[in-house]
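**Student:** I have a structure here, written as structure tokens, and I will follow up with some questions on it.
The values are calculated or read from the model by the stated rules, or taken from the named source; none is laboratory data. Not measured: the values here are computed from a predicted model. Backbone-built Cβ (ideal geometry, glycine too); neighbour counts: all protein chains shown. Surface areas here come from the heavy atoms of the whole protein model, side chains and all, with no ligands, DNA or RNA. Shrake-Rupley method; radii C 1.70, N 1.55, O 1.52, S 1.80 Å.
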Amino acid sequence: GLRIGAGLVTLGPPGEAMAEHAGPPDALMRRALDGAEDLSALLSDDRIAALCLGPGCGVPRAAALLRVALDWRRPLVLDADALTALAQRPDLRGLLHPGCVLTPHGGEFARLWPDIAARLAEPAERGPAFSRLDAARAAAADLGCCVLLKGPDTVIAAADGTAAIHASQDLGWLATAGAGDVLAGLIAGLMARGFAPLEAASAGVLLHAGAARRAGPGRIADDLPEALPAVLAGLGA
């Protein structure tokens, strides 16, 4: 989020974990969030332009925070544990709104939309086959928000059917711990800057892949933000 240009980024771990998050970067703010009331108080600050919920959160904690995040009705990225929490709380699905971006990998997608995932897994005995593009569009229409289905061919779809496909066949080594969290942070940072959900998701995927290529094989998730300035400079950003 910081590297992509969000002016201020605040990390919200539980109070008991604050010490584990006291290291660099110094530009990152920290604020203890022990429950829904703490998140609600934080989001009452009108300066906050976007929220990312899920990475490193834990499913029970994500579930406890999810309603407040959705009731906020402003730009929201749901990733990782927040997606699993949403799959376990079907009563909250109706709170999704056009400002949301969901970023599931295949397993998370199947937990959220088992019927769509089952259709996608069926062998194509005759055409046209049901594709990942069809699946992402169906999921986005179901919840009325942007859905980013991660994979070698990442598909991003909006509720109205507008979609983008980013094929990165040479980036199989992006499937490593924390890489998806970096993507979620990029998208949230771009939405904080005013990008619409579909555009933020599409640009985030492009920059994420560019950072991975810049860092090269063998890189870990921590390398991706460090590679981003060079990628942005190459784009003239």
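**Student:** Can you name the strands (runs of 3 or more DSSP E) wholly within segment 84-170 that have at least 2 residues being within 15 Å of the chain's Cα centre (by Cα)?
**Tutor:** 100-102, 146-149, 153-157
**Student:** Further question on the same structure: For segment 213-236, which residues satisfy the criterion of being of a type in the set (Lys, Arg) and crowded, with 17+ Cβ neighbours inside 10 Å?
**Tutor:** Once the filter is applied, which keeps residues that are of a type in the set (Lys, Arg) and crowded, with 17+ Cβ neighbours inside 10 Å, segment 213-236 yields Arg214, Arg219.
**Student:** May I pose another question? Name the residues in segment 1-33 that are out of contact with any strand residue (DSSP E or B) (no Cβ under 8 Å at 6 or more places or on another chain), more than 14 Å from Gly189 (Cβ to Cβ) and of a type in the set (A, V, I, L, M), would you?
**Tutor:** The answer is Ala17, Ala19, Ala32, Leu33.
**Student:** Still on this structure, I have one more. Can you name the number of the only condition in (1) crowded, with 21+ Cβ neighbours inside 10 Å; (2) within 29 Å of Ile116 (Cβ to Cβ) that Thr176 fails?
**Tutor:** Condition (1) is where Thr176 drops out.
**Student:** Please find, within segment 69-83, the residue that is surrounded by the fewest Cβ atoms within 10 Å (Cβ to Cβ) out of those that are on the phi < 0 side of the Ramachandran plot and assigned to a loop (DSSP other than H, G, I, E, B).
**Tutor:** Arg74
**Student:** Follow-up. In segment 1-33, which residue that is charged (D, E, K, R) and surrounded by 11 or more Cβ atoms within 10 Å (Cβ to Cβ) is farthest from Arg61 (Cα to Cα)?
**Tutor:** Here the answer is Arg3.
**Student:** Scan segment 101-140 for residues that are open to solvent by 60 Å² or more (accessible area, probe 1.4 Å), out of contact with any helix residue (DSSP H, G or I) (no Cβ under 9 Å at 6 or more places or on another chain) and closer than 30 Å to Ala192 by Cα and jot them down.
**Tutor:** Arg137
**Student:** Can I ask one more? If I filter segment 41-57 down to residues being without any contact (Cβ under 8 Å) to a residue 40 or more places away in the chain and surrounded by 15 or more Cβ atoms within 10 Å (Cβ to Cβ), which single residue comes out as farthest from the chain's Cα centre (by Cα)?
**Tutor:** Leu42
**Student:** Checking Gly194 against (1) assigned to a helix (DSSP H, G or I); (2) modelled with pLDDT of 95 or more; (3) open to solvent by 60 Å² or more (accessible area, probe 1.4 Å), which test does it fail?
**Tutor:** All conditions pass for Gly194, except number (1).
**Student:** Another question, if that's okay. Quickly run through segment 41-68 and pick out the residues that are part of a helix (DSSP H, G or I) and either under 25 Å from Glu108 (Cβ atoms) or touching a Ser or Thr at 6+ places or on another chain (Cβ under 7 Å) (or both).
**Tutor:** If the condition is that a residue be part of a helix (DSSP H, G or I) and either under 25 Å from Glu108 (Cβ atoms) or touching a Ser or Thr at 6+ places or on another chain (Cβ under 7 Å) (or both), then Leu43, Val59, Pro60, Arg61, Ala62, Ala63, Ala64, Leu65, Leu66, Arg67, Val68 are the ones that fit.
**Student:** Another one. Given (1) assigned to a helix (DSSP H, G or I); (2) open to solvent by 30 Å² or more (accessible area, probe 1.4 Å); (3) at pLDDT below 95, identify the lone condition not met by Gly210.
**Tutor:** (2)
**Student:** So Leu174 fits all but one of (1) under 24 Å from Leu11 (Cα atoms); (2) in contact (Cβ under 8 Å) with a residue 40 or more places away in the chain; what number is the exception?
**Tutor:** So the condition that Leu174 fails would be (2).
**Student:** Evaluate segment 142-163: report whether one residue or more is exposed (fewer than 14 other Cβ atoms within 10 Å of the Cβ) and closer than 27 Å to Arg219 by Cβ.
**Tutor:** Taking every residue of segment 142-163 in turn, none turns out to be exposed (fewer than 14 other Cβ atoms within 10 Å of the Cβ) and closer than 27 Å to Arg219 by Cβ.
**Student:** Can you say whether Asp38 is over 23 Å from Gly1 (Cα atoms), among the acidic types (Asp, Glu) and either outside any strand (DSSP E or B) or open to solvent by less than 40 Å² (accessible area, probe 1.4 Å) (or both), as far as the supplied structure shows?
**Tutor:** Here the answer is no, as Asp38 does not meet what is asked.
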